[in-house]
Amino acid sequence: MAFSLTITEENYLKAIFKVSEKEKKSASTNALSKQLSTTPASVSDMLRKLSDKDLIHYEKYKGVSLTPKGSRMATNLIRRHRLWEVFLVDKLRFSWDQVHDIAEELEHIQSDELEARLDAYLDYPKFDPHGDPIPNAEGKFTIRNQFQLSDLTTGHEASLVGVRTQEKAFLKYLNGLKIKIGTTIHIKEITEYDKSMKIVINNRDATTISHDTAQNLLMKRI
C-alpha cells in the first residue's frame, strides 16, 4: 500500500544511503547522528519508525541498511535533489555553492510528472553541478573512472569532474581560484614536506594548494 513520508523521514533515508555508500557498510547510529546533526537517541527513535514501515533493516548496535523499498525511495530523493541542482545552476545561474540548501527543499516535491519533465528539459543530465552522478528514472547511476588530484605526480595534468565535499567554504575557495567542473589542472611541483602542490589552472593561472584540497578534487585524465 502506498504511503507518504514526512520530510524528516525522507532525510533519514537519504542520510542512510549516503553514509552506507561512503563507508561501504551498514550505517552506524553515531555516523547518522553526525550526518544529520542530531542526537543518537533521536536517531534510534526514528530508525524504529522506519523499520516498522519496512524501509530499513535495523538491529541495535549492528547498524542500519535500507530495504529494497527504502533504497528506491532514497534514490528517488537523490535524483530529484541533483536534477534541481542542475536546473538552478544551468537555467537560473546560481553558483554551485548556493544550490544545496534550495535543492534540499525542492527534492521533497513528489510529482513523477514534474520529475520526468524536469529531466527532459535538462536533456537527461548524468551528473550534477558538483560532479555527483544523477540516477536515471530506473534508479541506475552512471559510473566513471575518476581519481583524486593528490594521486597525480609532477608533470601530469587532468580535468576536474567532481568534488568530494560540498561545503560552502570549500566551493567558494575554488571559485576564488577559478576552479570549476571541466577545469584543467597541471601539476608543476609537489612539496615533499606537506605534499602541497604548485599547479597551473587552465594553462594560465599558477597557485599553490594544500594536500587536503588536492584530496577533495576528483579528476579524469585528458
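The values are calculated or read from the model by the stated rules, or taken from the named source; none is laboratory data. Because the structure is predicted, anything quoted here is derived from the model rather than measured. We place every Cβ from the backbone using ideal geometry, glycine too, and count neighbours over all the protein chains shown. Just the protein is used for accessible areas: all its heavy atoms, side chains included, with ligands, DNA and RNA removed. Shrake-Rupley method; radii C 1.70, N 1.55, O 1.52, S 1.80 Å.
Select from segment 17-33 the residues that are of a type in the set (S, T, N, Q) and either within 15 Å of THR75 (Cβ to Cβ) or crowded, with 16+ Cβ neighbours inside 10 Å (or both) and list them in ascending order.
Passing the criteria: SER20, SER26, SER28, THR29, SER33.
Would you confirm whether or not segment 174-186 contains a residue that is loosely packed, with under 14 Cβ neighbours inside 10 Å, at pLDDT 95 or above and of a type in the set (Val, Ile, Thr)?
No, segment 174-186 contains no residue that is loosely packed, with under 14 Cβ neighbours inside 10 Å, at pLDDT 95 or above and of a type in the set (Val, Ile, Thr).
Identify the single condition in (1) free of Cβ contacts under 8 Å to residues at least 60 places away in the same chain; (2) basic (Lys, Arg); (3) surrounded by 13 or more Cβ atoms within 10 Å (Cβ to Cβ) that LYS14 does not satisfy, given that it satisfies every other one.
(1)
The conditions are (1) farther than 24 Å from THR142 by Cβ; (2) open to solvent by 50 Å² or more (accessible area, probe 1.4 Å), and ARG72 fails exactly one of them. Which is it?
Failed condition: (1).
Please find, within segment 97-128, the residue that is most open to solvent (accessible area, probe 1.4 Å) out of those that are in a helix (DSSP H, G or I) and touching an Asp or Glu at 6+ places or on another chain (Cβ under 8 Å).
Per the stated criteria, the residue is HIS100.
Hey, which of the strands (runs of 3 or more DSSP E) in segment 158-211, taking only ones fully inside, have at least 3 residues that are not β-branched (Val, Ile, Thr)?
In segment 158-211, 184-190 are the strands (runs of 3 or more DSSP E) which contain 3 or more residues that are not β-branched (Val, Ile, Thr).
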